[in-house]
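What follows is a set of notes on a single structure, which appears directly below.
What follows draws every value from the coordinates through simple rules; no lab data is involved. Note that the structure is predicted; figures quoted are calculated from it, not measured. Heads up, the Cβs are rebuilt from the backbone with ideal geometry, glycines too, and the neighbour counts pull from every protein chain shown.
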Amino acid sequence: MRKPAHLAEPSAFRHGARFWVVICGIFTLWLVFLAPTQIGGPVSLGVVKGTSMQPLLHSGDLVVAYRMPEYRIADLIVYDKFGGSIVHEIIAESTPGVFRTEGIHNQHHDSWNVRFADVRGKVLFIVPQLGGFFVLLGTSPLFAGVAGVAMAALILLPARRPKYSELLTRLLEHSAGEHRRIKRGAALVMTLLWVLVVASIAATVLQLLQGIALYPRVAISLLALVVAFAVLIAFWEFNADGRNLAEPSKSIAILGPVLRRIPPEIDVEEHGVELIAVKSAFKLRDAKEHFNLPVLHQIHTEPVSHSFYVVTENVIYVWRVSEVKDQS
């Protein structure tokens, strides 16, 4: 058997501090440049209702406005008035910071002035009829449920199409499915947490589109989203990292929930492919997720040990553990 080569391993970036630094950086950039005005950002979303801006805007269109340091005549702006938001065109500036507006389809100017402080932003682009989708999302429970299922499916689908090598294809022909059993209670909790996350996202987006003030409703939705997502991650990490489990159950929990069991008489490592022994089941999971490939599980006897493989075109990544007997 060829000696394993301890060469470059799959990155553990996802588990390191750099990952959270990048996440915090992305969140900061989003908060400064792309966050809604209700939470201190410069972006305002709105759904058009009415005919005052036809033929440029129609009911159901989604408008995206961005807060500017100044506004000029002929700018389309979104501003607060009468407890809601209006999208009209600036036709004059009566005094510095006070604008006159009108709907381009109307036969008269608006009878009110618009202060600079009431302007949410200048319309940068329009997405035809997308706003109607969000309105339907908020008014039809059936449509909201279907959209939530579709969103969850997109999240759970693999990011890339797997590419099976000839060796992996042959090995899979001699393999059998091996499923990690997930307790019914844990599965139920995971499902409920996902539903809460999706519902919180939908509620937050709908309230931001309606121009509702940050406190208290939007803040409650955001808090529910953060708490649900944090609990979901913590619960998943606790269950997926094999806490308080002995080997090989711990590695199976980390690499599962589905593995492919191959018989011990098949020699996986004698195929002229470079072998890289990784230092933990987490590293092998990184390879599994990076290449979107199944994990092969092989049990050896005399002594009893377990090998887990991720087989790519040029490299076989392997993680080996010895079985720990229960001493209780």
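Identify all aspartates and glutamates with a Cα-Cα distance to residue 279 below 14 Å; exclude those on the same chain that are fewer than 8 residues away in sequence.
Those aspartates and glutamates meeting the cut-off are 9.
So if I place +1 on the C-beta of Lys and Arg and -1 on the C-beta of Asp and Glu, and nothing else carries charge, what would the dipole magnitude of the stretch 37-130 be about its Cα centre? I want it in debye, nearest 20.
160 debye
Starting from the Cα-Cα distance between residue 82 and residue 166, subtract it from 0.36 nm times their residue separation and give me the gain in nm to one decimal.
23.5 nm
Rounded to the nearest 0.05, what FRET efficiency do residue 189 and residue 314 give with R0 = 51 Å and r taken as the Cβ-Cβ distance? Could you check?
0.80
Evaluate the distance, in nm, between pseudo-label points positioned 7 Å from the Cα of residue 261 and of residue 127 along their respective Cα→Cβ axes.
Distance between label points: 4.7 nm.
I'd like the FRET efficiency for residue 244 and residue 323, computed as 1/(1 + (r/R0)^6) with the beta carbon distance as r and R0 of 22 Å, rounded to 0.05.
0.85
Where does each of 256-269, 191-204, 109-122 land if you order them by average Cβ count within 10 Å, highest first?
191-204, 109-122, 256-269
Once the piece of chain linking residue 54 and residue 279 is laid out straight, how much longer is it, given 0.36 nm per residue of separation minus the C-alpha distance between them?
Length difference between fully extended and current span is 74.6 nm.
Based on the Cβ-Cβ distance of residue 271 and residue 235, what FRET efficiency does E = 1/(1 + (r/R0)^6) give at R0 = 25 Å, to the nearest 0.05?
E(calc), rounded to 0.05, equals 0.05.
7 Å from Cα along Cα→Cβ at both residue 305 and residue 64: what's the point-to-point distance in nm?
Rounded to a tenth, the inter-label distance reads 5.5 nm.
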